Every structure is written in C-alpha cells, then in structure tokens.
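Before any comments, here is the structure.
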Amino acid sequence: MRTKNRQPKIKLLALKTRSFILDIFFPSFCVTCKKEGVFLCKDCKKRIDIFKTPSHFPKKSKLEIFYCATKYKQDEIEKLIYSFKYQFIKEIKNELCEILMEHLKISGFKKNSSQVLIPVPLHKKRLRWRGFNQSEILAKEISDHFDIPMITNVLFRKKYTEPQTLKQDRKERIKNVKNAFLCKNIEIIKDKEIILIDDVLTTGATLKECAKILSKNNIKKIIAITIAK
Ligand SMILES: [Zn+2]
C-alpha cells in the first residue's frame with residue numbers, strides 16, 4: 001500500500017524538479033508580448049478567435065466532420081506552433097490544447113466508445129530530427145482528457161516528404177503526400193470511428209491521404225481534429 005502511495009509523489013516531485021530546472025535555464029515568455037512566466041499570457045490569449053462550429057470536408061472526401069480550433073494566420077498561433085515544432089518547446093502543448101479543448105467544448109464534440117485517436121505519423125527521419133511527433137503529443141493530451149484510446153501502430157508514413165509548408169502550390173502538396181502512408185495491424189481499427197489528429201491543416205492533402213488509406217479497412221467513419229487551419 002505504501003509503495004502505491006509513494007509512486008505519485010515521486011512522479012510529482014520529478015515533474016516539479018523538471019519544471020524548476022526548465023524555468024531556470026529556459027524561462028518561459030509569452031510568444032507575442034514577451035511577458036515572463038507563460039508561453040501565452042491571458043491578454044494575448046483573449047485575441048485568439050476560437051471557432052464555434054466544426055467544419056466539413058467536401059462531400060467526396062472520406063473525412064466527415066473536421067474540428068479545427070482556430071485560424072493559423074494570427075500572430076499568437078503562428079508563434080506558438082513555430083516554437084512548438086521548430087524550437088522544440090514541448091511544453092507549449094498545454095497552451096495549444098487549452099485552445100483546442102475550448103473549441104471542442106463549444107463546437108459540440110461528443111465522445112463515444114467506438115472512437116480511437118490516430119495522430120498523423122512522421123517519417124522516421126523527421127522523428128529523429130525533431131525528437132517527437134507533435135501530432136502524437138496533442139493526441140495524447142486529447143486521449144487523457146476524454147479517455148479515448150490513442151493508436152500509433154496502425155498508420156505509418158513510408159515516404160519521406162518535404163514539409164507541406166515549403167510547398168506553395170496546391171497540386172505540389174497533393175503530389176507530395178500521395179501514397180506516403182501505409183496501414184498495419186488493421187484488425188485494431190475494425191468498426192472504429194477514427195479521429196485523425198494533426199497540428200495544422202494547410203490544404204488538407206495530408207489528412208485526406210490518411211483518410212483515403214484508412215477507409216480501405218472496415219471502419220465506421222473518420223473525423224479529424226487540428227489546432228489550426
Ligand atoms: Zn502576451
């Protein structure tokens with residue numbers, strides 16, 4: 001019994017120590033106004049326009065509903081996502097997920113027992129470079145919050161592609177991700193409602209390509225969740 005009680009305390013202590021060390025060496029500053037102690041201060045957060053309804057993909061797409069929290073083209077969001085993905089500040093997941101949870105709440109997202117979360121996978125090479133998959137970090141937060149299982153052993157990225165943000169042309173972006181993914185262990189997703197998780201939607205080519213390959217299996221439906229578009 002004692003060991004059981006001690007475990008969470010040790011974990012909490014480890015987390016606090018980590019946060020203390022991080023604060024000394026990497027103090028957090030608001031990404032826009034540089035106020036110390038947070039990555040996004042209350043005043044700057046107020047400026048973020050959180051969408052109140054979900055979006056829909058075109059009818060012929062395999063994706064049905066699409067929950068996107070806010071638009072990418074606002075200073076706060078662009079800077080949060082940049083620091084998260086390219087300055088590797090994993091802790092920014094908290095600010096991003098706070099915005100996302102608020103959107104899911106007001107736009108009527110409902111959980112159900114057939115749902116599973118699948119983060120858009122990174123290619124091994126990019127995963128080595130960044131050290132983490134940003135979509136998986138977001139999916140883990142959603143998984144903990146709603147108690148929906150996260151699955152990372154079904155969808156894989158087989159083709160190394162240039163980041164979609166570097167491809168300006170729409171056709172180029174579609175070509176870039178074409179046949180980039182593959183499925184394994186498909187029995188896990190049988191009759192499931194799949195929730196694809198990505199950080200940012202650019203043209204939607206990545207999500208559509210993931211949905212296309214996943215829909216070839218016996219699944220119920222596919223929806224998507226992203227922070228911004
Ligand atoms: Zn601020």
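Extent of the range 185-229 along each principal axis, from alpha carbon coordinates, in Å, largest to smallest?
For the range 185-229, the Cα spread along each principal axis is 31, 16, 15 Å.
With the cut-off at 25 Å, report for the chain the share of all Cα pairs above it, as a whole percent. Numbers along the way, then the final one.
On the way: 11518 of 26106 pairs.
Percentage above 25 Å: 44.
Rounded, prolate or oblate: which fits the range 49-181, taking a ≥ b ≥ c as square roots of the Cα gyration tensor eigenvalues, rounded meaning a/c under 1.5, else prolate when a/b beats b/c? Don't skip to the end; give the middle numbers.
Values: a/c = 1.27, a/b = 1.20, b/c = 1.06.
Since a/c stays below 1.5, the shape of the range 49-181 is classed as rounded.
Using the Karplus equation 6.51 cos²θ - 1.76 cosθ + 1.60 (θ = phi - 60°), what ³J(HN,Hα) coupling, rounded to whole Hz, does each residue of the range 202-209 give in order, writing x for Gly and Pro?
Listing the rounded values in order: 9, 9, x, 4, 5, 4, 5, 5 Hz.
Using amide H atoms built in the peptide plane, which far-off residues or other-chain residues are under 5 Å from residue 115 H to H?
Long-range HN contacts for residue 115: 193.
At residue 160 and residue 221, where each label point lies 7 Å from the Cα along Cα→Cβ, what is the point-to-point distance in nanometres?
Modelled inter-label distance: 3.9 nm.
Give me the percent of DSSP beta bridges within the chain that run antiparallel, rounded to the nearest 5.
Numbers: 7 of 25 bridges.
DSSP beta bridges in the chain are roughly 30 percent antiparallel.
Semi-axes of the equivalent ellipsoid for the range 116-181, please: Cα gyration tensor eigenvalues, times 5, square-rooted, ordered largest first, whole Å.
On the way: eigenvalues 118, 32, 27 Å².
Over the Cα atoms of the range 116-181, the ellipsoid semi-axes are 24, 13, 12 Å.
On a 0 to 90° scale, report how tilted helix 93-106 is relative to the longest principal axis of the chain, with both axes built from alpha carbons and the result rounded to the nearest 10.
For helix 93-106, the angle is close to 60 degrees.
On a 0 to 90° scale, report how tilted helix 75-86 is relative to the longest principal axis of the chain, with both axes built from alpha carbons and the result rounded to the nearest 10.
90
For residue 204, enumerate residues with amide H under 5 Å from its amide H, sequence gap 5+ or separate chain, H modeled in the peptide plane.
none
Residue separation times 0.36 nm, minus the C-alpha to C-alpha distance between residue 186 and residue 153: what's the value?
Additional length available on full extension: 11.0 nm.
Could you give the spread of the C-alpha atoms of the range 20-118 along their three principal axes, from largest to smallest, in whole angstroms?
Answer, in whole Å and largest first: 49, 27, 23 Å.
Search the structure for amide H atoms under 5 Å from the amide H of residue 196, placed 1.01 Å from N in the peptide plane, and list their residues when 5 or more places away or on another chain.
Under 5 Å from the amide H of residue 196 lie the amide H atoms of 118, 223, 224, 225, each far enough along the sequence or on another chain.
Determine the calculated [θ] at 222 nm for the chain from helices alone, applying -39500 (n - 2.57) to every DSSP H run no shorter than 4 residues and normalising by the residue count; nearest 500 deg cm²/dmol. Mind dumping the intermediate values first?
Working: 8 runs with 93 residues, N = 229.
Helices in the chain give a 222 nm mean residue ellipticity of -12500 deg cm²/dmol.
Select from the range 65-94 those trypsin sites (Lys or Arg not before Pro) which occupy a DSSP coil region and have at most 12 other Cβ atoms within 10 Å, ordered by residue number.
Numbers: sites: 71, 73, 79, 85, 90, 93; in loops: 71, 73.
Here the trypsin sites (Lys or Arg not before Pro) that fit, given the DSSP loop and packing criteria, are 73.
Between residue 78 and residue 175, with labels modelled 7 Å along Cα→Cβ, what's the label distance in nm to one decimal, could you check?
With each label point 7 Å from Cα toward Cβ, the separation is 2.7 nm.
Values quoted throughout were computed directly from the atomic coordinates according to the rules given, and no laboratory measurement underlies them. Just so it is clear, the structure is predicted and the values come from calculations on it, not from any experiment. Virtual Cβ from ideal backbone geometry, glycine too; neighbours counted across all protein chains shown.
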